[in-house]
């Protein structure tokens, strides 16, 4: 197997530049796990909610539109008379926006697609896992959900194995409710072999793997095919990834502004308050998983703290205003 084939999944990874400027993982030694703690960062004393949403919106097309269509749009722009036409790319953004559920105050509690977009950037940035399937593109109506996992990502490992990440996103005011809902979803998924097989079918038939070429594409697909090939599917580990966005009260515990103190004191204070809650978060998650017979060894859980999930949703809807309903 050539070096190019060994690195085939790297061709699916589109890094999210600048995410570390607006979203940070809590620093701890040893690192906090199950769950890992992420939070929207501060610029001096202010949480960067708007900046976080703007960065997410910048990656909406990457998340929602299949790789081959994005490559074709980029090629059209490069081949235009000036080499810089953005018309094809603009059409893809319009297409991505139209896939989103329309926002209204009445449906704000069910408006969760920004959570799915957050799970995409978390998988790319923190797990270095490229998107193998654009689930949003399977929608037949913007108002209808896509069943199954919220995202499909994959990463090749140095030992020759691959990790297949099935994303679960939840966005709700309560961290405990978010983890409970995730555990319920994972339990239902694991109990339904048909759903698991359908995700593998999507990877084989309707995925970003089609953007790969020749031997590279077939080698990548072999990890998802149990019935033929060289047994590469035995080297695939399936992991559920929960990206659980919630409203963290510690954002309200503000320090007085003091220009004589380091500019990082507000973020440092928040991070300290947030990290002390990890044992409680961990206990809730462990108990919830045990109640549903879910093995957390097959899961990676991120808690993503924001000041207010409803404000986050509203800002996202306003920024992508084609899908706001009064």
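FYI, it's all coordinate maths here, none of it is from the lab. Predicted model only: the values in this text are computed from it and were never measured. Glycine gets a Cβ as well: all are built from the backbone with ideal geometry, and neighbour counts include every protein chain shown.
Do the sum for the chain: with -39,500 (n - 2.57) for every DSSP H run of n ≥ 4, divided by all residues, what is the mean residue ellipticity at 222 nm, to the nearest 500 deg cm²/dmol? Spell out each step's value before the answer.
Numbers: 13 runs with 135 residues, N = 326.
Roughly -12500 deg cm²/dmol at 222 nm, from the helical runs in the chain.
What percent antiparallel are the DSSP beta bridges of region 3-323, to the nearest 5?
40
In a GNM of the chain with a 10 Å cut-off on Cα contacts, which of 261, 131, 273 has the highest mean-square fluctuation?
Maximum among the listed residues: 261.
Would you mind computing the Rg to Rh ratio of region 156-312 from its alpha-carbon coordinates, Kirkwood style for Rh?
Ratio of gyration radius to Kirkwood radius for region 156-312: 1.10.
Modelling each spin label as a point 7 Å along the Cα-to-Cβ direction, I'd like the residue 78/residue 13 distance in nm, to one decimal.
Placing both labels 7 Å beyond Cα along the Cβ direction yields 2.1 nm.
Please give the contour-minus-distance gain from residue 54 to residue 161: 0.36 nm per residue of separation, less the Cα-Cα distance, rounded to one decimal in nm.
That pair, residue 54 and residue 161, stretches by 35.0 nm at full extension.
Return the FRET efficiency for the residue pair residue 27, residue 177: r is the Cβ-Cβ distance, R0 is 22 Å, and the value is rounded to the nearest 0.05.
That gives a FRET efficiency of 0.25.
Across 10 Å bins from 0, what is the distribution of all Cα-Cα pair distances for the chain, in whole percents?
Taking every Cα pair in the chain, the percentages come to 5, 25, 33, 25, 10, 2, 0.
Along the Cα-to-Cβ line of residue 269, 7 Å from the Cα, sits a label point; which residues in region 26-50 have backbone N less than 13 Å from it?
Taking a point 7 Å out along Cα→Cβ of residue 269, the residues of region 26-50 whose backbone N falls under 13 Å are 44-47.
I want to verify a result. In a Gaussian network model of the chain, Cα cutoff 10 Å, which of these has the top mean-square fluctuation: 305, 250, 75?
75
Using a 10 angstrom cutoff on alpha carbons, build the Gaussian network for the chain and name the most mobile of 267, 215, 116.
Result: 215 has the largest fluctuation of those listed.
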